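Enquirer: Here you go, one structure.
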Ligand SMILES: [Mg+2]
């Protein structure tokens, strides 16, 4: 069976407007063919829950660049090993508590004399303005558990800052709008874990991945069919994902084109439920 992992911003959602209507043909196909599709994003759990409702997605999802995976209780037969139970989900966690990451970012900023502005310093209004999000979504975006998005205020000192982050034993990545400081978590680690759980439950799966950012490169290199959503920086991403195929159209339109091509109508995949 097919198993799809997809980024949201700039991939299934338009980078500027967050519109997804152009993806409807493929979303309908995934529904009729019962192909599970898993959101893998830097967004928080609260934001993803909102988008899952809007998009009609009832599948597991991965938040905050692989900080945790949420599996609806009862979705997969048997509990995932090492999973906790929270709010109707089985939760697998890889992230480090948020406060420790914020402290590491502050130390790295001080050591490298590179000023940064993290989400924790921003008001919901500021986050909303920077992300072009309505206020209630900006509030959800600030509810970080496993990673801190930040802006670099002294771009000429970027290299020193990133080295200092690594010196703190942390990792960094770059999404569409922000840099992120992370612990050991990575979208790829979470994708690997969920793929294994699906294979245990359903037998061999053919994985498809869709993303547009450098923070997607790790998981795109893991899947059988990596799809790179066209953007102004697709060249940079393709250099890191040599097997990746770049879509003709950007955002949700490219997302839809690529999936309609791979998953034929009448394919009748059967997910775990
Ligand atoms: Mg993206």
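Values quoted throughout were computed directly from the atomic coordinates according to the rules given, and no laboratory measurement underlies them. This is a predicted model, so every value here is computed, not measured. Neighbour counts run over all protein chains shown; Cβ positions are idealised from the backbone, glycine included.
Enquirer: Mind giving me the nanometre distance, one decimal, between the label points for residue 132 and residue 31, set 7 Å out from Cα along Cα→Cβ?
Expert: Once both label points are built, they end up 2.6 nm from each other.
Enquirer: Given the C-alpha centroids of segment 203-273 and segment 30-76, what is the distance between them in whole angstrom?
Expert: First find each Cα centre; the distance between them is then 16 Å.
Enquirer: Hey, another quick one. How tilted is helix 251-262 with respect to the longest principal axis of the chain? Cα atoms for both, answer in degrees (0 to 90, nearest 10).
Expert: That works out to roughly 40 degrees.
Enquirer: A further question follows. Could you estimate the translational diffusion coefficient of the chain from the Stokes-Einstein equation, with Rh from the Kirkwood formula over C-alpha pairs, at 37 °C and 0.692 mPa s, in whole µm²/s?
Expert: 174 µm²/s
Enquirer: While we're here: Please find, in a Gaussian network model of the chain (springs between Cα atoms separated by less than 10 Å), the residue of 27, 153, 105 whose mean-square fluctuation is greatest.
Expert: Fluctuation is largest for 153.
Enquirer: I would also like to ask the following. How much length is gained if the chain between residue 236 and residue 163 is pulled fully straight, taking 0.36 nm per residue apart and subtracting their Cα-Cα distance, in nm to one decimal?
Expert: My answer for the length gained is 24.2 nm.
Enquirer: If the label point is 7 Å along Cα→Cβ of residue 120, which residues in segment 133-163 have backbone nitrogen under 13 Å from it?
Expert: Inside the label zone: 143-150.
Enquirer: Residues of segment 35-77 with the amide nitrogen closer than 19 Å to a label point 7 Å from the Cα of residue 206, along Cα-to-Cβ, please.
Expert: 35-38
Enquirer: Still on this model: Give me the angle, in degrees from 0 to 90, between the Cα long axis of helix 158-167 and the longest principal axis of the Cα atoms of the chain, rounded to the nearest 10.
Expert: 80 degrees
Enquirer: To test your reading of the geometry: what angle, between 0 and 90 degrees and rounded to tens, separates the Cα axis of helix 98-112 from the longest principal axis of the chain?
Expert: Around 50 degrees separate the two axes.
Enquirer: Project the alpha carbons of segment 98-182 onto their principal axes and report the range along each, largest first, in whole Å.
Expert: Answer, in whole Å and largest first: 36, 25, 19 Å.
Enquirer: Points 7 angstrom from Cα along the Cβ direction at residue 17 and residue 222: gap in nanometres?
Expert: The two pseudo-label positions are separated by 3.3 nm.
Enquirer: Moving on. At 222 nm, what value in deg cm²/dmol follows for the chain if DSSP H runs of at least 4 each add -39500 (n - 2.57) and the sum is divided by all its residues, to the nearest 500?
Expert: After summing the helix terms and dividing by the residues of the chain, the value is -10500 deg cm²/dmol.
Enquirer: Can you work out the FRET efficiency for the pair residue 113 and residue 151, with r the C-beta to C-beta distance and R0 = 22 Å, to the nearest 0.05?
Expert: About 0.85, to the nearest 0.05.
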